[in-house]
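Single-structure report; data block below.
We did not get these values from a lab; they are worked out from the coordinates using the rules stated. Not measured: the values here are computed from a predicted model. Ideal geometry is used to build each Cβ from the backbone, glycine not excepted, and the neighbour counts take in all protein chains shown.
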Amino acid sequence: MRKVIEKLGMKVLFGFDAETAHALSIAALKTGLTPALSCPADPRLAVDVAGLRFPNPLGIAAGYDKNAEVPDALLRLGFGFVEVGTVTPKPQPGNPRPRIFRLPADRGVINRLGFNNEGHEACLRRLKARAGRSGIVGVNIGANKDSADRIADYVAGVHAFASIASYLTINISSPNTPGLRALQDRDSLRDLLSRVIEARDTAAGERHVPVFLKVAPDLTEAEIGDIAAAVLDLKADGLIVSNTTLSREGLSDSRTATESGGLSGRPLFARSTRVLAKFRKRVGPGLPIIGVGGVESAETMLEKIRAGADLVQLYSCMIYEGPLLPGRIIRRLPALLDSEGARSVRELRDRNAERWAGQEI
C-alpha cells in the first residue's frame, strides 16, 4: 500500500515544476504524516566518524532542507544523519526562476539555485527549537553572493552554529555563486581553513565540532593534491566529495543539458566516485570522507564506500525514487553485507579504491 501511495504522490509532484514540487515535499514532511522506517536498527550499519556515532552511513545532502525546516522528519525516513543548508549570513533569494531542471531520461537534475535561503537567524531559531532531540544534524554554511569578504561569511557561520550543529560543512564548491569555487585555490583555501578552524576552536569551547570541506568534482589531479594537503595540514576533520558538476558528459537530453548550473543525480556517479577515490589515495586511511553523487540504491551506496567513503549522502535521486528510498536502502544493506561476508559496513571501505582512483577524471 505504501508503494502505491508513493507512486501516486510522485505522479502528482511531477505534474508541477521541479521547484514547486520540492516545496510541496517539504510541506508534506511538515505534516508529520510521512512514513517512518519500520525495520529495527542493525548494529552492523553503525559507523564512528569524527567523534560521532552514526546509526547508519546514509545521509541526506545539503540542498534539500535549506532552512532546517524538517530535519527530524527526514531522520524518521531512515537517514542516519541530515545536513541542512546551505545557509548564508543574510537571507537571499538566489537566482531567477526557473532554476531547477529535471532530466528524467538520465535520472539527473540541473540546478542554478544560487544559495537561496532564509539566512542564519531563521535557521538557527529552528535548530534551537529542536535542541535536546536525538539525531545527527549538520549545518552546511556558505557566503552571500554580494559579500565583500566571503571568508568572513564562513567565519560568521561557524560562530552562529558551532554550539548547536553536530558538524559543520564549509561549502566552497557550488557552481552557482560566481567566483565561489576560487576559494578551492591553494592559497585562498589555506586562508579560509585557517580562519574557519580558529573560529571553530573559539566558538565551540571544549566541545569539538567537526568541520568538513565540500569540494567540486571538476578538479584536476594537481588541485586534488593541493586541497588534500591543505585539509591535512590545517587539520580539518574531513571532506565531502562532491558537489554538482559543470560537465554534461553522457547526457541523452541534449536540450535540457544546455541549461546552466550544476548537474547531479545518476550522471554524476562515476565522476564523483573517481574524485572520491583519488582523495582517499591522497589523504590516507584516517581522514573521514563523505561520498556524494548519483547514489540511488544500496548497491551504489556501497560502491561509494568501496571507493573510500566512510559515509554517503544522496538527494537528487529522491526526486525519481521518492521518500521511501532511504528506507529501502537501509533495509537492503544487511543482505548485501551477508553476501560479501562482511561483519560491518566499515569492512567494505576502500576495497575498490585503487580501481576507481586509477581512472581518468
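Structural remarks
- Peptide packing for 270-276, 339-345 was compared via the average number of neighbouring C-beta atoms within 10 Å per residue; ordered from the highest value, the list is 270-276, 339-345.
- A helix-only calculation puts the chain at -11500 deg cm²/dmol for mean residue ellipticity at 222 nm, using -39500 (n - 2.57) for each DSSP H run of at least four residues, averaged over all residues.
- Considering only beta bridges that DSSP places wholly inside the chain, some 30 percent are antiparallel.
- Pairwise Cα separations in the stretch 307-349 fall into 10 Å bins from 0 onward with the following percentages, short to long: 24, 47, 28, 1.
- The tail of the calculated P(r) for the stretch 211-303 beyond 17 Å holds 50 percent of all Cα-Cα pairs.
- Candidates Gly322, Gly78, Gly119, ranked by Gaussian network fluctuation over the chain, Cα under 10 Å, top entry: Gly322
- Reported to the nearest whole Å, the Cα centre-to-centre distance from the stretch 27-90 to the stretch 328-361 is 21.
- In this calculation the C-beta distance from Glu206 to Arg255 is compared with R0 = 41 Å, giving a FRET efficiency of 0.15.
- For the stretch 237-314 versus the stretch 99-139, the gap between their alpha-carbon centres in whole angstrom: 18
- One way to sum up the overall shape of the chain is the equivalent ellipsoid from its Cα gyration tensor, whose semi-axes run 26, 24, 22 Å, largest first.
- Counted charge near Ile197, where neighbours are those whose Cβ lies closer than 14 Å (Asp, Glu -1; Lys, Arg +1): -1
- Modelled spin labels at Ala36 and Arg53, positioned 7 Å past Cα toward Cβ, are 2.0 nm from each other.
- Shown here for the stretch 128-231: GluC sites (Glu not before Pro) in loop regions (DSSP other than H, G, I, E, B) with at most 11 other Cβ atoms within 10 Å, namely Glu206.
- Normalised by the number of residues in the chain, the mean separation of alpha-carbon contacts (under 8 Å, six or more apart) gives a relative contact order of 17 percent.
- Each of the peptides 148-161, 31-44 was scored by the mean count of other Cβ atoms within 10 Å over its residues; in descending order, highest first, they stand as 148-161, 31-44.
- Cα-based convex hull, the stretch 89-140, per residue volume (Å³, whole number): 114
- Residues Ala105 and Asp146, FRET efficiency given R0 of 45 Å [Cβ-Cβ distance, rounded to 0.05]: 0.75
- Label separation (His159 vs Arg186): 3.2 nm, computed from points 7 Å beyond Cα along the C-beta direction.
- Model label sites at Glu121 and Asp72, defined 7 Å from Cα along the beta-carbon direction, differ in position by 2.5 nm.
- Equivalent-ellipsoid semi-axes of the stretch 65-155, from the Cα gyration tensor, Å, largest first: 23, 21, 10
- Taking 0.36 nm per residue of separation and subtracting the current Cα-Cα distance, fully stretching the chain between Glu299 and Glu223 would add 24.4 nm.
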